[in-house]
1. How far, in nm, would the chain grow between A:T145 and A:T221 when pulled straight, counting 0.36 nm per residue and subtracting the alpha carbon separation?
2. Counting helices only, and only those DSSP H runs with n ≥ 4, report the 222 nm mean residue ellipticity of chain C as the sum of -39,500 (n - 2.57) divided by its residues, in deg cm²/dmol to the nearest 500.
3. Give me a comma-separated list of calculated 3J(HN,Hα) values for the stretch A:86-98, in order, Karplus coefficients 6.51, -1.76, 1.60 applied at θ = phi - 60°, integers in Hz, x for any Gly or Pro.
4. Note the buried accessible area between C and A here, summed over both chains, with a 1.4 Å probe, in Å² to the nearest 100.
5. Given H placed 1.01 Å from N in the peptide plane, which residues other than close sequence neighbours of A:V5 have an amide H under 5 Å from its amide H?
6. Give the carbon-plus-sulfur fraction of the accessible surface of the protein assembly as shown in %, rounded to a whole number; probe 1.4 Å, heavy atoms of protein chains only.
7. Counting only residues 5 or more places away or on other chains, whose amide H sits under 5 Å from the amide H of A:D64 once H atoms are built in the peptide plane?
8. Return the long-range amide H neighbours of C:V137 (sequence gap of 5 or more, or a different chain), with a cut-off of under 5 Å between placed amide H atoms.
Amino acid sequence: MSTIVYKKTKALNDTQFHYCPGCTHGIIHKLIGESLVELGVLGEAIGVASVGCSALCYKYFNCDVQQAAHGRAPAVATGIKRVRPENVVFTLQGDGDLASIGAAEIVHAAHRGEKITTIFVNNAIYGMTGGQMAPTTLIGQKATTAPEGRTEEHSGKPLKIAEMLATIDGAKYVERVSVHNPAAVRKAKKAIKRAFQCQLEGKGFAIVEVLSTCPTNWGMTPVNALGWVESDMIPYYPLGNLRDFEEAK
Amino acid sequence: MAKGLVTFNEDICKGCELCVAVCPKKIIELDQSKINAKGFHPAHVVNMDECIACGNCAIMCPDSVITVEKL
Amino acid sequence: MAKVLMKGNEAVGAAAIKAGCRYFFGYPITPQNEVPEYMSKELPKVGGVFLQAESEVAAINMVYGAAGAGARVMTSSSSPGISLKQEGISYIAGAELPCVIVNMMRGGPGLGSIQAAQADYFQATRGGGNGDYRHIVYAPASIQETVDIMMEAFDIADIYRIPVMILGDGMIGQMMEAVEFKEYVPRELPEKDWATSGTKEMKSPRVVNSLYLEPELLQEHNVNLEKKHKIIEEKEVRYEATGIEDAEVVCVAYGTTARVAKNAIDDLAKEGIKVGLIRPITLWPFPHEAFDKINPQAKGLLTIEMSMGQMIDDVKIASNGRWPVAFEGKTGGLVPSSVDVVNAVKKMIGGAK
């Protein structure tokens, strides 16, 4: 008699991801799906896809999804949640979408304490458009629009979204996680699940920033990209919980 | 030690080797004798007897290629 | 029902609620602030939600989300704010969602002024957003007509799954008139079997989307949208036409300027000058058919606008070379007077009789 240790979640359909080989965005999809299933709310879920590599995520989830304009996913999610407070509404957004063009929308969704869950994929670059500099691109990191590498003098220092949002009262759950090794993935799953729990308990806005890889635009093998997350990203973007809803009293 | 059985949905493997990198027993390799429909050498386990059913390979697989069972 | 004296902007809100609108997302801008203010007071009383967004951009995207979730939803703004909403309007049109958008126009370009204008005709009828899309544009000329149209607009939006714009101006929004709220009788409405509501793990997932990466699929989508546009052009054109069969000159004006034109036409009639009026109530679809009924011997058409001349392009297209087309207008927040119109008509016919 065998027991299943791991199999694909029913929250994902059989459509194959368009993501490049080894891109950890796929892992994040799995964690969202597994969390929804384990919380028993897959049937209540309404996702909001953004623009960037996550734009096509509506193809993969076994739940209803609305595709939003660039950066506007938190506004679209607000519209959905205000109409259907009984549903579980989440956004999946990359760093170009959330930290750059959608900075206003994410700040104000947090500010209103909008009861939505945001999964923020930070891979420090614009993936879909081909490797341009993001607000989260590290100092010295090369991008197609920072060919000599990002400098503080020219572009400022990378934006720390989790820390920024944790200063906002309406953000009731804020955590930064990574998916660069199995232990990190397990922690990321716990955080994502808790971010949904925050919504289910009606506490307020919840966000999980997930450090992710972009092997293609970083110019690395997928395995080396995991190493770069650990050696370069985590020192600047420290992992951990910044706000938990039981503490926010 | 628990025994594991790892199965791969080879057709959708992208050969990224994340599973190879995280296997504590180092028993996963890309199968150089095969090329799947996507044009990749799919991952496979070379010595299933060594598998401890930890699930690391499946957890790290971005494309949900892998199922792990504990025997 | 008895008539009540109401400000245009408040009447907009009252009519919307009467027509079942329960969600409003907006951002303050003069001269339409009474719409969100009214909604913030009245929507909670009927179990609805008013939300002041962080920007017009966010507001229209909240409308997108709410409409995609199956709600009867609206937003309102004025010219510069409507510019910011264009992105969302394009997405709403692309994803075929129903909603109502009110634009109480003010002067432009840029920050312009806060006085009434009709300088957003191009934006409203041509689309300030990207892509091959259309949306219905109603141009009421009185508070009563604004109310009547508001109450129908949500049904029209639902039937065609299309954004509907109510194009007023600062004058329509700010003035008070006696208005009667008729009982709202819904048209036969299609089921919203496309709205995201959660699958309950029973039905297949629904996707609200305007992205079609495969060229053939996007073309097919555009062809389908165009088929819908053609049906709207056939069925939903609305206009008022008076005295055009035997007119020497026909005025073409909408909204506030149509009221000015009517006064001028009455004055000219007293002098024995026969002037007709075409008042488009829908700016898109534009009432081309009305122009076929104009006296072929008419000396010309006079377009009157609170702009430098925008609708005149459509008047020329509708005229199709059959009559010369002249323009009379004021802009910047100024309104042409009936004397301006009388003089312009006389110029066209070679002076007074």
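1. Between A:T145 and A:T221, full extension yields an extra 25.2 nm.
2. Calculated mean residue ellipticity at 222 nm is -12000 deg cm²/dmol.
3. 7, 8, 9, 10, 9, 10, 10, 9, x, 6, x, 5, 7
4. Counting protein atoms only, the buried area is about 2700 Å².
5. Under 5 Å from the amide H of A:V5: B:V68, B:E69, B:K70.
6. It is 53 percent, rounded to a whole number.
7. When sequence neighbours closer than 5 places are left aside, the close amide H contacts are A:G47, C:G198, C:T199, C:R206.
8. C:M165, C:L283, C:W284
The values are calculated or read from the model by the stated rules, or taken from the named source; none is laboratory data. Everything numeric here is computed off the predicted structure, so don't read it as measured data. All Cβ positions, glycine included, derive from the backbone under ideal geometry; neighbour counts span all protein chains shown. Side chains are part of the model used for accessible areas, which takes the heavy atoms of the whole protein and leaves out ligands, DNA and RNA. Shrake-Rupley method; radii C 1.70, N 1.55, O 1.52, S 1.80 Å.
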